[in-house]
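So the structure is just underneath, and the comments pick up after that.
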Amino acid sequence: MATASIAAPAPAAGLDFDYYFKLFLKETRYEFLNRLRLRAYSLSVIGFPVMFYLIFGIANRHSEGFHFARYLLASYSCFGMIGAALFGLGAGIAFERAQGWLELKQASPMPRLAYLAAKTVSCMAFALIIVAVLVALAITVGGVHMTLRELIQLIAITLAGALPFASMGLLLALVLPASAAPGIINLIYLPMSFCSGLWMPIQALPHFLQRIAPLLPTYHYAQLALGIFGYAQPGSTLLHWDALIGFTCIMLGTAWLLFTRMNADA
Amino acid sequence: MLATLDEPTPVYSILRSPAVARLHSVTKRYGAITALDTLNLAINAGEVLALLGPNGAGKTTAIRLLLGLISPTAGSVRVMGRDPRDSATRTRIGAMLQVTRVPETLRVREHIDLFRSYYPHPMSVAEIVRLARLEGLEDRFFGKLSGGQKQRVLFGLAICGNPDLVFLDEPTVGLDIESRRALWAQVRELAARGKAVLLTTHYLEEADALAHRVIVIDKGKILAEGTPAQIKTRVTGRRIRCVTDCDHSWLRALPGVADVQPDRDAVVITATAPEAVLREMFLHDATVSDLEVSTAALEDAFLALTQAQA
């Protein structure tokens with residue numbers, strides 16, 4: 001029997017917490033560094049929410065008694081997090097898969113979870129940068145006053161969006177061909193954000209859009225962030241949390257099913 | 001394992017040493033296509049084994065099975081006596097695969113630092129840089145490297161974990177002659193350190209230059225197996241070109257004839273012993289003309305071997 005043919009020294013000894021922790025830190029650090037240097041990613045992921053905020057939020061910060069700069073600070077923070085996650089995981093993994101790089105990593109002892117977690121944390125870092133820039137703009141030129149408590153809540157809620165939309169990115173990476181991934185992700189990301197009231201206040205949208213918005217995960221995410229500044233639609237915040245958790249489970253579950261199916265076929 | 005031997009390890013002792021990885025009557029199908037057909041293959045500790053075959057022969061499939069990236073349709077795969085998917089197994093192997101692009105905005109030093117962190121007992125950075133010949137390239141971005149330099153980085157990543165077994169999937173494909181020779185020297189250095197190496201290639205010359213043992217596969221089956229010298233006696237023949245009335249199937253049936261191909265009005269016969277073939281032909285056909293006998297190119301002979309079984 002092949003099993004008896006070689007006495008393997010127990011290599012499990014080195015695989016302790018310290019090993020996993022260091023591995024995860026390095027994976028995250030280099031993922032972030034790689035993304036930051038990848039201008040196509042870093043410039044668009046940070047640039048678009050900031051640019052839209054300047055155009056829609058700062059340019060008409062107060063009109064018809066509505067504080068746009070305040071509302072849109074919350075919604076573009078969400079918009080930034082969603083973009084970072086969808087492109088970071090969706091397009092990122094799709095490319096690494098197509099180029100054989102993911103396979104090389106899979107052949108190494110790198111745990112799959114470290115790979116996914118590193119990508120998610122890296123997206124959160126981008127979201128933090130986006131929130132920081134938006135808050136700075138809001139306070140300096142947007143005429144927005146916010147308490148420290150509101151700031152902390154905004155950061156916390158924004159980062160909470162990492163998991164649902166990273167899960168969605170993962171699923172997209174599994175179904176989209178790499179060459180089409182960025183385009184298709186934009187086709188999902190931009191309309192979905194618009195319909196959820198991320199680009200402009202949801203009250204300004206046509207009624208039928210307002211009616212379908214609650215079907216979108218981005219809507220529930222935005223409602224949580226808008227709640228910090230008192231712009232949420234009437235209703236329980238618990239419903240929004242439930243919606244996001246349910247959405248995450250569906251995305252991860254489907255991704256898992258697809259992944260195991262692909263492995264079985266491979 | 002073999003590190004106690006002071007002398008260069010002779011082939012016979014390598015053949016007796018235990019297998020570090022094994023495919024046991026493995027069949028792999030993709031839909032209607034059979035990539036590997038009840039294939040048996042063992043890599044022994046400290047040996048360089050070359051898997052030689054044309055494109056689509058099943059070489060990469062064999063490597064992907066041994067890396068646990070895919071699972072066999074039938075049969076079993078064992079690496080270090082375990083399932084190749086175990087992370088404990090993976091800490092002891094390294095792989096250089098056919099990667100079209102690596103994250104290009106990381107520096108060579110950063111790629112090595114990251115891959116080293118995957119292994120509990122990695123090789124030192126200085127050692128990796130030396131073995132993979134990356135001196136002076138450490139601070140370069142991957143995207144700024146030449147093709148040969150990129151292959152050297154991938155080679156470096158394969159040895160980050162100080163593995164006992166290294167898989168090299170077509171390591172020199174697309175490289176110029178100089179880079180190819182340099183990579184050969186690196187593989188030899190790995191072998192000299194007692195690492196087992198499984199190398200796939202479609203260059204007979206490469207297998208000959210590097211391997212202790214060669215397995216020729218085509219269409220998922222083993223055609224020939226042995227030392228490079230043994231394979232060469234099987235595949236290197238000489239080439240007879242002449243105009244003759246002899247029937248091709250009759251020629252093919254002559255002893256030592258590996259291949260018979262029409263070439264305009266002449267025929268090209270590849271044979272191990274052309275003298276014997278010619279003697280028979282002269283007896284059979286008095287009109288043989290335009291006779292040339294030449295040494296078959298290695299690649300031609302290899303082609304003959306794979307085609308003869310088709």
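Here are some notes:
- Convex hull of alpha carbon positions in the range A:1-152: directionally averaged projected area 12.8 nm².
- Rule-of-thumb Rg ratio for the range A:97-207 [Cα; 2.2 N^0.38 Å; N residues]: 1.35
- DSSP assigns beta bridges within chain B; of those with both partners inside it, close to 65 percent run antiparallel.
- Beta bridge orientation in the protein assembly as shown: antiparallel %, DSSP, nearest 5: 70 percent
- Degrees separating the helix A:39-52 axis from the principal Cα axis of chain A, which is the longest one: 20 degrees
- Ordered from largest to smallest accessible area (heavy atoms of protein chains, 1.4 Å probe), the residues A:Leu257, A:Leu215, B:Leu137 come out as A:Leu215, A:Leu257, B:Leu137.
- When each of the peptides B:277-286, A:23-32 is scored by how many other beta carbons lie within 10 Å of its residues on average, the order from highest to lowest is A:23-32, B:277-286.
- Gyration tensor (alpha-carbon) shape descriptor, the range A:26-265, a/c threshold 1.5: prolate
- With respect to chain A, whose longest principal axis is taken over its alpha-carbon atoms, helix A:181-195 is tilted by about 30°.
- Cα-based Kirkwood hydrodynamic radius, the range B:11-233, one decimal, Å: 17.6 Å
- Across all Cα pairs in the range B:69-183, the calculated P(r) in 5 Å bins from zero up to the longest distance comes to 2, 11, 21, 22, 20, 12, 8, 4, 1, 0 percent per bin.
- Where B:Arg239, A:Arg35, A:Arg61 fall by accessible area, highest first, once all protein chains stay in place (1.4 Å): A:Arg61, B:Arg239, A:Arg35
- Förster radius 30 Å - calculated FRET efficiency between B:Asn40 and A:Leu187 (Cβ-Cβ, nearest 0.05): 0.05
- A:Met51 accessible area, assembled protein chains, probe 1.4 Å, Å²: 80 Å²
- The spread of Cα positions in the protein assembly as shown, taken along each principal axis and listed from longest to shortest, comes to 110, 57, 44 Å.
- Averaging the Cα positions of each part gives two centres, and for the range B:230-291 and the range A:97-144 these lie 66 Å apart.
- List B:Thr100, B:Thr38, B:Thr201, ordered by accessible area with a 1.4 Å probe, largest first: B:Thr100, B:Thr38, B:Thr201
The values are calculated or read from the model by the stated rules, or taken from the named source; none is laboratory data. Computed from a predicted structure; not experimentally measured. Positions of Cβ are backbone-derived with ideal geometry, glycine not excepted, and every protein chain shown enters the neighbour counts. The accessibility values were calculated without ligands, DNA or RNA, using every heavy atom of the protein model including side chains. Shrake-Rupley method; radii C 1.70, N 1.55, O 1.52, S 1.80 Å.
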